[in-house]
Amino acid sequence: MLLLTALVSCGSPSKESRTADLQFVGENAPVQESWDITITLDSRGRSRIELKAAHLSEYRDDKSITRELDGGVEAVFSDSSGVTTATIHAEKGTIHPNGDLEAFNDVILTSADRTVIKTSYIKRFASTSRLWTDRYIVIEKPSETIRGYGLESDDALKNYTIFKASGEAELKP
């Protein structure tokens, strides 16, 4: 019978500041990966976004850090009092260095009043808290369906503009 024994020891932590050595990381390879992540983005108490994803890859260059999300992404938007105003579900997403967010593939936005917007792409500008797309959209409400190309909206999906719209509504007698 063979018995293996390992001895592990730890020293006191070093006080020196260290950074990641990126010289062996390929140009298109992530410098960090995480699974089943939750990230909270806060706009100085005005609004909050909680992002969840199955997988995160972080890419760095000399000036910035970009985070790619995949495997299913959920973004929950809340107002300053913590009330959920809208939710975005998508297959993939990107968090840009300036705080802008992009969602790709089977994007579904749902507002607190149950308005549903479906598209293939949406971008949220951090500086204005506005959502934008130039792609085909379908907006479904209990009494109407609106289709079109392009949309600009607030985070809560209450005030929006459709660039090229068509639709159908249920008329009540």
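The set of residues in the range 101-139 being at pLDDT below 90, loosely packed, with under 15 Cβ neighbours inside 10 Å and farther than 12 Å from Thr87 by Cα consists of Ser127, Thr128. Each residue in the range 48-76 was checked for being under 17 Å from Leu131 (Cα atoms), of a type outside the set (Asp, Glu) and within 10 Å of the chain's Cα centre (by Cα), and 5 pass. Being farther than 30 Å from Val31 by Cβ, hydroxyl-bearing (Ser, Thr, Tyr) and open to solvent by less than 30 Å² (accessible area, probe 1.4 Å) is not true of Thr161. Going by the conditions given, is Gly93 closer than 30 Å to Val31 by Cα, buried (at least 17 other Cβ atoms within 10 Å of the Cβ) and at pLDDT 90 or above? Here the answer is yes, as Gly93 does meet what is asked.
Tallying residues that are at pLDDT below 65 and of a type in the set (D, E, K, R) within the range 20-45 yields 2. Taken as a whole, the condition of being in a strand (DSSP E or B), free of Cβ contacts under 8 Å to residues at least 24 places away in the same chain and within 21 Å of Ser78 (Cα to Cα) does not apply to Lys164. Residues in the range 142-158 that are modelled with pLDDT of 85 or more and either among the polar types (S, T, N, Q) or open to solvent by 40 Å² or more (accessible area, probe 1.4 Å) (or both): 6 in all. Scanning the range 134-149 for residues being within 15 Å of Val116 (Cα to Cα) and either part of a strand (DSSP E or B) or of a type in the set (A, V, I, L, M, F, W, C) (or both) gives a total of 11.
The values are calculated or read from the model by the stated rules, or taken from the named source; none is laboratory data. Here the structure is a predicted model, which is why all the values come from computation and not from measurement. For neighbour counting, all protein chains shown are included, and Cβ atoms are generated from backbone atoms with ideal geometry for every residue, glycine included. The accessibility values were calculated without ligands, DNA or RNA, using every heavy atom of the protein model including side chains. Shrake-Rupley method; radii C 1.70, N 1.55, O 1.52, S 1.80 Å.
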